[in-house]
Amino acid sequence: MTEKILVISDTHGRRDTLQRCIDVTHPFDMIIHCGDGVKDLRGADIPKCTIVLAVAGNTDIYSSVDEELLLTEIIEGKNVLITHGHQYNVKSGLYAILKAAGEFRADVVLFGHTHKNYLSGDNPVLFNPGDFSTGNYGIISIQDKNRWKFEHRMIS
């Protein structure tokens, strides 16, 4: 069975677009929000049984969620680091986030902050869904540990 993950970041209050994205991309098993607008998830009509994970971005100053999450072998045996990226200065380059990925032994790093979609690497895979406030989001389709498909999409 294929697992499907909706990856978003930088929603910045675009709740109407978020709901449209949820409606268009469902069914999915999990939503991951990579920060800057995590409160936007609160009002969303998210299908029951959907796992929702979120990390705080630099604008989520009153959020109670952590700045990063490490999922250890929860998703098909891979270590997945979820972060917004501001604490690794990703707008200036990817050296620090790659170093953190190595320290956490992450196979996949999901991040935002740059407002630009990005996909690179083999181990670790770096995936930024892009700026959701302009309609960009990502989908990860997983068939097994070795078959992960990362896609950038746009909601109109």
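The values are calculated or read from the model by the stated rules, or taken from the named source; none is laboratory data. These numbers were taken from a predicted model, which means no experiment stands behind them. Methodologically, a virtual Cβ is constructed for each residue, glycine included, from the backbone with ideal geometry; neighbour enumeration extends over all protein chains shown.
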Subject >> Residues that are surrounded by 20 or more Cβ atoms within 10 Å (Cβ to Cβ) and at positive phi, drawn from region 54-103 >> reply: Gly85
**OP:** Check Ala44 against each of (1) in contact with a Leu (Cβ under 6 Å, 6 or more places away or on another chain); (2) assigned to a loop (DSSP other than H, G, I, E, B); (3) closer than 22 Å to Leu119 by Cα and name the one condition it does not meet.
**Re:** (3)
Subject >> Output for region 104-122, where each listed residue is of a type in the set (D, E, K, R), surrounded by fewer than 18 Cβ atoms within 10 Å (Cβ to Cβ) and under 24 Å from Asn146 (Cβ atoms) >> reply: Arg105, Asp122
Subject >> Those residues of region 39-85 which are of a type in the set (Val, Ile, Thr) and in contact (Cβ under 8 Å) with a residue 12 or more places away in the chain, in sequence order >> reply: Ile46, Thr50, Ile51, Val52, Val55, Thr59, Val65, Ile75, Val80, Ile82, Thr83
Subject >> Those residues of region 107-124 which are closer than 16 Å to Leu69 by Cβ and either more than 10 Å from the chain's Cα centre (by Cα) or among the aromatic types (Phe, Trp, Tyr) (or both), in sequence order >> reply: Asp107, Val108, Phe111, His113, Pro124
**OP:** Kindly check whether there is at least one residue in region 136-150 that is among the charged types (D, E, K, R), within 15 Å of Leu6 (Cα to Cα) and in a strand (DSSP E or B).
**Re:** yes
Original post:
(1) assigned to a helix (DSSP H, G or I); (2) modelled with pLDDT under 95: which one isn't true of Asp23, the others all being true?
Top reply: (2)
Subject >> Hits in region 84-114 - residues which are of a type in the set (Gly, Ala, Ser) and either in a strand (DSSP E or B) or under 18 Å from Val7 (Cα atoms) (or both) >> reply: Gly85, Ala106, Gly112
Original post:
Taking region 124-152 as the search range and keeping residues that are among the charged types (D, E, K, R) and in contact (Cβ under 8 Å) with a residue 60 or more places away in the chain, which one is surrounded by the most Cβ atoms within 10 Å (Cβ to Cβ)?
Top reply: Asp131
Subject >> Of residues in region 121-148 being closer than 16 Å to Arg20 by Cβ and among the hydrophobic types (A, V, I, L, M, F, W, C), the one modelled with the highest pLDDT >> reply: Ile139
Original post:
Hey, among the residues in region 58-74 that are assigned to a loop (DSSP other than H, G, I, E, B) and either under 29 Å from Lys145 (Cβ atoms) or of a type in the set (A, V, I, L, M) (or both), which one's modelled with the lowest pLDDT?
Top reply: Ile61
Original post:
Pick from Cys21, Cys34: which is crowded, with 24+ Cβ neighbours inside 10 Å and in contact (Cβ under 8 Å) with a residue 24 or more places away in the chain?
Top reply: Cys34
